[in-house]
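The values are calculated or read from the model by the stated rules, or taken from the named source; none is laboratory data. Please read all numbers here as calculations on a predicted model, not as lab measurements. Cβ placement follows ideal geometry from the backbone for every residue including glycine, while neighbour counts extend to all protein chains displayed. Just so you know, the surface numbers come from the protein's heavy atoms only, side chains and all, with ligands and any DNA or RNA stripped out. Shrake-Rupley method; radii C 1.70, N 1.55, O 1.52, S 1.80 Å.
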Amino acid sequence: MDEKFIRDRISALRTKKGISEYKMSLDLGHSKSYIQSISSGKSLPSLSEFLYICEYLGVTPKDFFDPAIPEPSLVNELNEQVKTMDEEDLLALIHIARRINAK
């Protein structure tokens, strides 16, 4: 993983959520060009800002760095829903997931 991966991943996740660089910058409490400066390679977020960006985008830092997860915010949402399911519902969900992945 390198700086380009971080920049590209932030841009891809932001775009999937339909959020402009301008809006995200302001929502994070920065100047309107903050995210643009990250996307263009002029800067990188600090660790604390990176964690806040992950929270804003609805992803865990672990999922952010996993390129095999194209929709980490959806995986995170599914994970939250699964936590409250009983065994019968979990088994049904596993069955559905296996059937979908077999296609």
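Charged side chains reduced to their Cβ positions (Lys and Arg at +1, Asp and Glu at -1) give region 58-99 a dipole of some 180 debye around its Cα centre.
Among 83, 23, 42, the residue with the largest mean-square fluctuation in a Gaussian network model of the chain, with springs joining Cα atoms closer than 10 Å, is 83.
Rolling a 1.4 Å probe over the protein chains gives residue 89 an accessible area of about 80 Å². Assuming charge only on the beta carbon of Lys and Arg (+1) and of Asp and Glu (-1), the dipole of the chain about its Cα centre is about 540 debye to the nearest 20.
A Förster radius of 25 Å combined with the Cβ-Cβ distance from residue 20 to residue 69 puts the calculated FRET efficiency at roughly 0.60. Dividing the summed helix terms, -39500 (n - 2.57) for each DSSP H run of n ≥ 4, by the number of residues in the chain produces a 222 nm estimate of -19000 deg cm²/dmol to the nearest 500.
Taking only Cα atoms and a 10 Å spring cutoff, compute GNM fluctuations for the chain and point out the largest among 47, 90, 13. Sorting by GNM fluctuation, first place goes to 90. Counting only protein heavy atoms and using a 1.4 Å probe, the accessible area of residue 46 comes to about 60 Å². The aspartates and glutamates whose alpha-carbon is closer than 19 Å to the alpha-carbon of residue 4, local same-chain residues fewer than 8 away aside, are 21, 49, 63, 66, 71. The candidates 24, 85, arranged from most to least accessible area with a 1.4 Å probe in the full protein assembly, appear as 85, 24. Spin-label pair residue 98-residue 85: with each label point 7 Å from Cα along the Cα-Cβ axis, the two points sit 1.3 nm from one another. Normalised by the number of residues in the chain, the average gap of Cα pairs under 8 Å and 6 or more apart makes the relative contact order 19 percent.
Legend: residue pairs 23/62; 42/83; 17/42, Cα-Cα distance threshold 28 Å; pairs beyond threshold, 42/83.
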